[in-house]
1. Just flag the GluC sites (Glu not before Pro) in segment 154-258 sitting in loop per DSSP whose Cβ has no more than 16 other Cβ atoms within 10 Å.
2. Mean separation of Cα pairs under 8 Å and 6+ residues apart, divided by the residue count of the chain: what relative contact order is that in percent?
3. Project the alpha carbons of segment 180-258 onto their principal axes and report the range along each, largest first, in whole Å.
4. Per the 1.4 Å probe, what fraction of the accessible area of the chain, in percent, lies on carbon and sulfur atoms?
5. Rank by packing, highest mean first: peptides 126-137, 105-116, with packing defined as the count of other Cβ atoms within 10 Å averaged across residues.
6. How much area per residue is accessible in the chain when the probe is 1.4 Å and only protein heavy atoms are counted (Å²)?
7. Per the Debye formula with a single identical scatterer at each Cα and no solvent contribution, what log10 I(q)/I(0) holds for the chain at q = 0.07, 0.16 Å⁻¹?
8. Quick check: Cα centre of segment 235-258 to Cα centre of segment 36-104, how many Å?
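The values are calculated or read from the model by the stated rules, or taken from the named source; none is laboratory data. None of the values given here were measured: they were computed from a predicted structure. Here the Cβ is made from the backbone with ideal geometry for all residues, glycine too, and neighbour counts use every protein chain on show. The accessibility values were calculated without ligands, DNA or RNA, using every heavy atom of the protein model including side chains. Shrake-Rupley method; radii C 1.70, N 1.55, O 1.52, S 1.80 Å.
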Amino acid sequence: MDWVPGFYSRTGSWWGPAEARITERDHRRVRLLGEHAGAGPHRVLELGCGYGTTAAATARAGHSVTAVEITDRVGFADSFSRDVAPGSLTLVNEDFYRVRLPERFGAVTYWNGFGVGSDADQRRLLRRIAAEWLLPDGVALIDVFNPFVWARWDGDETHRTPDPARGYAYELFEVTTFDPVTCTAVDTWWEAGRPDEKISQVLRCYSPADLTLLLEGTGLRLTAVTVGEESFAPATMRPGWAELLREHPEYVAVLRRQ
Ligand SMILES: C[S@@+](CC[C@H](N)C(=O)[O-])C[C@H]1O[C@@H](n2cnc3c(N)ncnc32)[C@H](O)[C@@H]1O
């Protein structure tokens, strides 16, 4: 996982000026929290909060949020922390594998990040959620990278031209590959004119069935899966479901303590 701070810090410097603002994506996540955790207000732990947009939207909905982020993306988040009434936002600039937190939470969230490192690493994080952070009746909402869609993106290339008016100052290239043996996506980026300075994020993808196996022995169980706006019990079979097979690169796993 050595690549993690460098990748998210560098991409944060590319995209932060444009993307460190609250959008419909953040409001959707707050709605999902209400749907699965109840209206609250709750104490919420957000892992890997990035620019802090969802953490700020969650606090503005009245929750008391602790948000952990390893990189300097947290600098963008800092600008939100003064304006989050009626809730509160505490930013912790640390590694969530090491951080010690003195309290437990009604909800733990990890948006758009789970799947970095080995299966053993994911289990280590899931065990911390169950044993150290979640209240007995709490809920964890974890975005999981969907292998069916990432596999379809194998070999895709994109070219992003700068758009300074919207805060995108860099001309960038991206190549995505997918390894079907390890079920891992490799998403590689570089700046125009700097092809020798490529950086990659390596994302382990889990189908709902694989996630259920991963959860064994962690103290957590999968109670629902949300794809787009629709939630269903994990045992539900829906052959031909286009949203999960073809459309959404992530789904939300709803986890509770065993
Ligand atoms: C893909 S970004 C998503 C950010 C944010 N959750 C969002 O949806 O916009 C994943 C974030 O998790 C952070 N992260 C990854 N591993 C971490 C760790 N061990 N401790 C704290 N933050 C971590 C990264 O630095 C990055 O900002």
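1. Those that pass, being in a loop and sparsely packed, are 171, 197, 216, 229.
2. For the chain, the relative contact order is 17 percent.
3. Principal extents (Cα only, largest first): 49, 31, 23 Å.
4. 51 percent
5. Going by the mean number of other Cβ atoms within 10 Å, highest first, we get 105-116, 126-137.
6. Each residue of the chain exposes 47 Å² on average to a 1.4 Å probe.
7. Each listed q maps to, in turn, -0.23, -1.33.
8. 26 Å
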